[in-house]
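Any read-out appearing in this document is the output of simple, stated calculations on the displayed coordinates, not a laboratory observation. All values reported here derive from a predicted model rather than from experimental measurement. In this analysis, Cβ positions are derived from the backbone assuming ideal geometry, glycine residues included, and neighbour counts consider all displayed protein chains.
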Amino acid sequence: MRYARNGPLWCGQSLQRELQLTYLFISHDLGVVRHMCDRVAVMYLGVLVEMADRDALFSQPLHPDTVALWSAAPSFDPRQRGRSQRIRLMGDPPSPIDLPSGCRFAGRCPAAEAACREAEPPLTEVSRGHFVRCRRVTVVSGVPQPVLRIQPFGTSQWTFTGAAVDGSRRGRSAGLQ
């Protein structure tokens, strides 16, 4: 059964190497994306929120949705299992036929501020080839800083970098699984 799933992927990779093909590969399976892709683009409700080469994106996701997605991906590496907990986003996604103004992720983002709900942030290159659409991502000494950080297993909170504008989100715990 495992071959039934992986066989077409291996075949696709062989053809890619032999014929120097480029694929547009769409998937919710981050393990397969990590295995198959050189560059990764993450979308939320039809808008690109982060794009980077595979290693940069998987080693340091920057957009809060990318961090949440990555926290939900199972790890097959025994050294990584149990090291962090899943971020469970609060609230429901907005309706795709009645999108809110501003950032489409603001209603679910634990680090959102008022400006996030007013205008959609631009897609910004924060390091060479790494683009993110989030006004809360900062660059310190040339190094982009993620908005959310996943805490080690056994803790009950996530943290976010930067100061909250109104302080209302400081110390708030997320539903982790």
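Annotations for the structure displayed:
- Ranked Met90, Met36, Met51, criterion: other C-beta atoms within 10 Å, fewest first: Met90, Met36, Met51
- For region 31-39, 3J(HN,Hα) computed residue by residue from phi via the Karplus equation (6.51, -1.76, 1.60; θ = phi - 60°) reads x, 5, 4, 4, 6, 8, 10, 8, 10 Hz, glycine and proline entered as x.
- Taking amide H positions as modeled 1.01 Å from N, with prolines and chain starts lacking one, the residues under 5 Å from Val49 and 5 or more places away or on another chain are Val42, Met43, Tyr44.
- Rounded to the nearest Hz, the phi-derived 3J(HN,Hα) couplings of region 90-104 under the Karplus curve 6.51 cos²θ - 1.76 cosθ + 1.60 (θ = phi - 60°) are 8, x, 9, x, x, 5, x, 9, 9, 6, x, 6, x, 5, 5, where x marks glycine and proline.
- As a rough footprinting exposure proxy, the listed residues Phe105, Phe25, Phe131 were ranked by other beta carbons within 10 Å of their own, and the order from fewest upward is Phe25, Phe131, Phe105.
- Put in line by how crowded their Cβ is, counting other Cβ atoms within 10 Å and starting with the fewest, Arg39, Arg104 read Arg39, Arg104.
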